[in-house]
């Protein structure tokens, strides 16, 4: 990488811009009207309350950075130092979608009620139960100097963006602070803390009763599956013995909300050269690659958090909780939270209670419950950043020793030919005599965590003989076929993950694979087969065949069954069978009985093999009636109802059947689709529109030079007026991946705009 030469090119570019005072854009560079830019910037700094000294400092710092936008708007950010690169990264993110950057920090720092109103107070309270603003500031101050420098650069980049873009009106955050990343240290917004239900917090802290009298709200256990698209991701690592080139390959395939992460490339003269997906507002590439290593995270189901039932009593006017034979004081504090109340702000003060297990998050009957999670933001941020600069598996494995990536698995490949898998990273060491899948007795010292398992003790795979590794949020005990780890070798809490249909599909596709190229890997990752429907639809057909003599003569029913009988269980735009199967499956999940509280995958299997046959037929008849009601016919091609639509840059996208949209030949991961497209109805629609699933996707080959292809749902920008708002839609529909510009010479060929932050 010619970082030094590129940095000096940026300086030359700035001087040329200042000398020529020309705003014309030509070819691969931007010529800037310096006078007008400076004037606008001065006005901006005043509107965003920056002192002249601070603005001058940020302006000078921006001179160390260059941003090149390629033909798809992907920012390639060059910085003199890592911190300079972070400055440029946050500036570029704000250019692409400031609203999402701001929203993530409003949520993470516990200030959502200030924009969304009183109903969001308990989301804010949850955030503050785990970290107060003062604690975040203290964590920042306790950080190593290099991490403080990155946090400083994060704040500087965003503040400089606001100062140079006076037209941007933040909903709340007019100034970003370097301690804010401490609230948002996981790569996925939400992370561990989002696992804690708000219903319990609302019931415990929201009542006007005394704390001792508060109860967990009675929550009806849902007997049907969750109609939301399953959350998760796919990661495949392929050894060189199975590729045409002899090089290792990696599939990076997160299934997230659309427009959840942007695509970036960030570089510095200190060795940073990472490409991939960054969650809006974070300063590290979360899922991606550098020249030598690649990393993909999938959500894990391992037990990384616990609920401790506390024995709390009031003694001598103080709240105390029992631990062993001793009584300890409950830590009691207060937090005052603002919330939007019409056109003004109101405030509400809440108590907060903590034991050594963590904050009290809810109650079960009369007993308080503390929920313990991993909360180590300084180390979490360090691990997330250090990951992006590793040059081989040895360093990557050492980085994993930090052990703070608690809610994710890691699929890995590198230029040395290694492939690896880590099932989780943060795994509390527990007494196996107790069932930690349920709340445990917090007064019993034997239930306390006994430290954290070493990386050597967790479920790992390194270079299996079969030459491939897969994880689709499924069990690690099938991740490498017959060379997978053995369940009996590990505590139950370490890997309770069940198999799912995506995992079954992945194993089917990877078994006996050979001579893979990047394009063949893409084809594999987009295979149209849907294993979830094999048992479900075969069970429906069996029910019809066994009961057709007792059924009222219904030519429609027979024709629909015949359509399914002739189906190959593959999704396509033209398939009417796909429409029937999807709507039947969803209707089964909504109204079919679930006597054993099965998981989604188990429930689909049950509906196909064990549910009453007449119930299956009744549900299918309801499905046909619903299709006719909504679309005038039951035999509707899948692409007519399954649509992609991006109308605005709103975080909560509107959808409209009357507005333009695109047919999509993908399906829900629920049915085993590797390329997931989670679609649903929205208010006022009859068609279903994708809102999650395949978002950023990349395939990477590691060799003498790294090669990669990528795809992003919609486009890089959240601005509907930008050409990069929807310039990848057709590629998305066709699974037509773009070639990644990684090396300087490729970036320069693809460059459409070159500028220094603040001078665009």
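The values are calculated or read from the model by the stated rules, or taken from the named source; none is laboratory data. None of the values given here were measured: they were computed from a predicted structure. Cβ coordinates were reconstructed from backbone atoms using ideal geometry, including for glycine residues, and neighbour counts include every protein chain displayed.
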For helices (runs of 4 or more DSSP H) lying entirely in segment 114-205, having 2 or more residues that are farther than 30 Å from residue 88 by Cα picks out 121-130
When only residues in segment 419-458 that are touching a residue at least 60 places away in the same chain (Cβ under 8 Å) and closer than 23 Å to residue 296 by Cα count, which is surrounded by the most Cβ atoms within 10 Å (Cβ to Cβ)?
419
Does segment 96-108 include one or more residues that are more than 20 Å from the chain's Cα centre (by Cα) and at pLDDT 95 or above?
no
Take residue 320 and tell me if it is in contact with a strand residue (DSSP E or B) (Cβ under 9 Å, 6 or more places away or on another chain) and in contact (Cβ under 8 Å) with a residue 12 or more places away in the chain.
no
Within segment 615-636, does at least one residue satisfy the condition of being within 27 Å of residue 558 (Cα to Cα), without any contact (Cβ under 8 Å) to a residue 40 or more places away in the chain and in a loop (DSSP other than H, G, I, E, B)?
yes
Considering only residues of segment 470-529 that are surrounded by 23 or more Cβ atoms within 10 Å (Cβ to Cβ) and without any contact (Cβ under 8 Å) to a residue 40 or more places away in the chain, which is nearest to residue 677 (Cα to Cα)?
503
Condition check for residue 548: assigned to a helix (DSSP H, G or I), touching a helix residue (DSSP H, G or I) at 6+ places or on another chain (Cβ under 8 Å) and modelled with pLDDT under 95:
yes
Quick check: is even one residue across segment 667-677 in a strand (DSSP E or B), within 25 Å of the chain's Cα centre (by Cα) and surrounded by fewer than 23 Cβ atoms within 10 Å (Cβ to Cβ)?
no
Residues (surrounded by fewer than 18 Cβ atoms within 10 Å (Cβ to Cβ), over 24 Å from residue 666 (Cβ atoms) and modelled with pLDDT of 95 or more) located in segment 559-604
559, 562
Could you check, for segment 370-388, whether at least one of its residues is over 28 Å from the mean Cα position of the chain (by Cα) and surrounded by fewer than 21 Cβ atoms within 10 Å (Cβ to Cβ)?
no
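Each row is one residue, and each column tells you yes or no for (1) outside any loop (DSSP other than H, G, I, E, B); (2) modelled with pLDDT under 95; (3) closer than 28 Å to residue 271 by Cβ.
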{"residue": "345", "(1), (2), (3)": "yes, no, no"}
{"residue": "349", "(1), (2), (3)": "yes, no, no"}
{"residue": "354", "(1), (2), (3)": "yes, no, no"}
{"residue": "382", "(1), (2), (3)": "yes, no, yes"}
{"residue": "398", "(1), (2), (3)": "yes, no, yes"}
{"residue": "402", "(1), (2), (3)": "no, no, yes"}
{"residue": "410", "(1), (2), (3)": "yes, no, yes"}
{"residue": "416", "(1), (2), (3)": "no, no, yes"}
{"residue": "420", "(1), (2), (3)": "yes, no, yes"}
Criterion: closer than 30 Å to residue 570 by Cα and either modelled with pLDDT of 95 or more or in contact with a helix residue (DSSP H, G or I) (Cβ under 8 Å, 6 or more places away or on another chain) (or both) - qualifying residue of 460, 454, 478
478
Could you tell me whether any residue of segment 531-543 is in a loop (DSSP other than H, G, I, E, B) and under 27 Å from residue 243 (Cα atoms)?
yes
Boolean, residue 647 is modelled with pLDDT of 95 or more and outside any helix (DSSP H, G or I)
yes
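Quick one: which residue in 644, 607 is closer than 30 Å to residue 102 by Cα, within 31 Å of the chain's Cα centre (by Cα) and surrounded by 15 or more Cβ atoms within 10 Å (Cβ to Cβ)? So that I can check it myself, show each step before the final result.
Details: 607 fails: closer than 30 Å to residue 102 by Cα.
The match here is 644.
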Test: residue 661 is surrounded by 23 or more Cβ atoms within 10 Å (Cβ to Cβ) and in contact (Cβ under 8 Å) with a residue 12 or more places away in the chain:
no
If you go through 361, 336, the only one that is part of a strand (DSSP E or B), on the phi < 0 side of the Ramachandran plot and free of Cβ contacts under 8 Å to residues at least 60 places away in the same chain is 336
Can you pull out every residue in segment 206-238 that is in a helix (DSSP H, G or I) and either surrounded by 18 or more Cβ atoms within 10 Å (Cβ to Cβ) or modelled with pLDDT under 80 (or both)?
211, 212, 213
Residue match in segment 690-711 (condition: in contact with a strand residue (DSSP E or B) (Cβ under 9 Å, 6 or more places away or on another chain), surrounded by fewer than 17 Cβ atoms within 10 Å (Cβ to Cβ), closer than 24 Å to residue 530 by Cβ and modelled with pLDDT of 95 or more):
no
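Given the structure, is residue 110 at positive phi, crowded, with 24+ Cβ neighbours inside 10 Å and touching a strand residue (DSSP E or B) at 6+ places or on another chain (Cβ under 8 Å)?
So residue 110 passes the test.
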